[in-house]
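A short worksheet on the structure shown next.
The values are calculated or read from the model by the stated rules, or taken from the named source; none is laboratory data. Bear in mind the structure is a predicted one, so any value in this text is a computation, not a measurement. So basically every Cβ, Gly included, is an ideal-geometry build from the backbone, and we count neighbours across all protein chains shown.
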Amino acid sequence: MSPQKGTEVPVRKVSGLETSEEDEQQRAESFEFISADKCPAHLLREITDFLDSQNTSHPFQFPQWAGGKPYLALYRRQGRLCWFAQCGVFYPASRVLRSVRALAVNRGPVADDLDIVESGLRHLVDAATRNRFAFVEIIPEWSGSFAAAAGRMLSESGWQSTDEARTSLRVKLSGELEPLLASFRKVTRYEIRRCQKLSVEVTMATSEKDHEDWIRVYGEMAMEKDFAPEDFGHIRKVLRWLGTEPARGGLLLARKDSRTVGGIVIIRSGTRCWYVWGATAKDDKFSPGHLLQWRAIQWAKEIGCGEYDFCGYREGTQSGTAFFKRGFSDDVVTFSPASRYITNRSRQRTSEIVRRVSLRLQPFRKS
């Protein structure tokens with residue numbers, strides 16, 4: 001951090017020149033803030049290797065996951081990548097005022113060292129200020145004691161929490177499969193075995209046709225349950241990426257009598273695997289979702305993962321998706337809440353005014 005006013009930075013003499021320790025640190029570190037579409041192949045490999053090495057990593061931070069036109073922020077010490085953030089751009093004052101932009105770091109930034117997290121964030125704030133973004137918002141994948149320490153650091157550095165803490169469910173993959181299966185709830189085990197008795201088959205998708213069959217099921221489920229589906233183009237892009245990296249994950253498909261009845265998308269980062277999307281066709285005779293998750297857990301264990309993450313969970317819910325996920329695990333993990341740093345107050349105020357006006361107009365739009 002910069003020295004406080006009134007303090008003196010230690011200075012040492014080198015070959016007749018005065019250089020501060022802060023100057024030496026600056027020469028030893030570097031920061032890049034580049035458009036993702038300008039990321040060369042060798043840099044992509046470096047980012048991928050780094051994300052696979054960090055416990056705070058998440059699939060949403062991989063450049064291959066990105067939609068739109070994101071930025072990549074990279075912080076190095078002694079030439080080594082030690083902090084990374086994929087930054088999406090959004091328009092908090094709506095696209096009508098496209099000059100008011102903000103950065104969103106979804107499930108990042110990524111770094112397992114708190115001192116490095118702080119330094120990287122300081123550089124990111126500087127980059128956002130230079131590029132006239134209204135604010136930076138982060139939604140990190142930090143948990144446990146690391147999250148507590150990071151929360152104190154953010155508060156002391158001027159960041160403000162904007163949401164409640166997130167939670168998810170995780171399954172530990174140590175030990176044998178039978179005890180793991182026995183740890184699931186009774187109804188979960190029953191549904192898995194019922195699918196097996198009915199000869200429901202689960203395999204990894206291998207073709208564009210497989211992808212389209214599942215996207216159709218996903219779209220039908222979205223219409224039936226009245227929720228906004230993920231952009232189909234983005235789904236196709238992610239599935240094509242996973243098709244080039246079989247050890248990264250893929251689309252697991254459930255079939256009954258050669259008919260696609262469901263599927264889930266799973267993605268690995270390091271030694272953790274995440275369930276990110278899922279959809280099943282309605283059927284009163286069996287529930288393919290339970291068998292799909294069991295096969296995903298088995299795949300993660302076979303590939304060398306130590307944990308399987310259900311990518312979100314709402315505590316206290318006794319029905320729906322949350323209840324379904326709870327059938328596999330009682331291990332609730334709590335993450336740091338979203339935090340925001342305002343880098344341009346006038347633009348941030350403009351976005352807030354537009355947001356409030358939009359909320360007031362909502363009743364009139366519906367009528």
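Assorted remarks:
- Extreme residue, nearest to the chain's Cα centre (by Cα), among residues of segment 173-202 that are exposed (fewer than 13 other Cβ atoms within 10 Å of the Cβ) and not in a helix (DSSP H, G or I): Ser174
- Within segment 37-78, the residues that satisfy the criterion of being surrounded by 16 or more Cβ atoms within 10 Å (Cβ to Cβ) and touching a Lys or Arg at 6+ places or on another chain (Cβ under 7 Å) are His58, Phe60, Gln61.
- Given (1) touching a residue at least 60 places away in the same chain (Cβ under 8 Å); (2) over 24 Å from Pro337 (Cα atoms), number of the condition Phe62 does not satisfy: (2)
- Segment 272-301, subset farther than 15 Å from Glu191 by Cβ and in contact with a Pro (Cβ under 7 Å, 6 or more places away or on another chain), residue surrounded by the most Cβ atoms within 10 Å (Cβ to Cβ): Trp274
- Selection from segment 284-328 of residues that are under 25 Å from Leu198 (Cα atoms), out of contact with any Asp or Glu (no Cβ under 6 Å at 6 or more places or on another chain) and part of a loop (DSSP other than H, G, I, E, B): Asp284, Lys285, Phe286, Gly327, Phe328
- Qualifying residues in segment 302-329 (those that are without any contact (Cβ under 8 Å) to a residue 12 or more places away in the chain and not hydroxyl-bearing (Ser, Thr, Tyr)) - the one surrounded by the most Cβ atoms within 10 Å (Cβ to Cβ): Ala322
- Residues satisfying the stated conditions in segment 44-54, i.e. in contact with a strand residue (DSSP E or B) (Cβ under 8 Å, 6 or more places away or on another chain) and either farther than 17 Å from Leu121 by Cβ or not polar (S, T, N, Q) (or both): Glu46, Ile47, Phe50, Leu51, Asp52
- Filter result (part of a loop (DSSP other than H, G, I, E, B) and surrounded by 20 or more Cβ atoms within 10 Å (Cβ to Cβ)) within segment 343-355: Thr343
- Any chance Arg340 is of a type outside the set (A, V, I, L, M, F, W, C), assigned by TED's automatic domain parsing to the domain that holds Arg152 and either surrounded by fewer than 18 Cβ atoms within 10 Å (Cβ to Cβ) or under 30 Å from Arg152 (Cβ atoms) (or both): yes
- Every listed requirement among (1) modelled with pLDDT under 90; (2) over 16 Å from Leu121 (Cβ atoms); (3) outside any strand (DSSP E or B) is met by Met1 save one, (2).
- Odd one out for Trp214 among (1) under 25 Å from the mean Cα position of the chain (by Cα); (2) assigned to a strand (DSSP E or B): (2)
- Boolean, Val100 is surrounded by 20 or more Cβ atoms within 10 Å (Cβ to Cβ), at pLDDT below 95 and in contact with a Pro (Cβ under 7 Å, 6 or more places away or on another chain): yes
- Filter pass, Ser161 being among the hydroxyl-bearing types (Ser, Thr, Tyr), outside the structural domain of Asp284 (by TED's automatic domain parsing) and touching a residue at least 12 places away in the same chain (Cβ under 8 Å): yes
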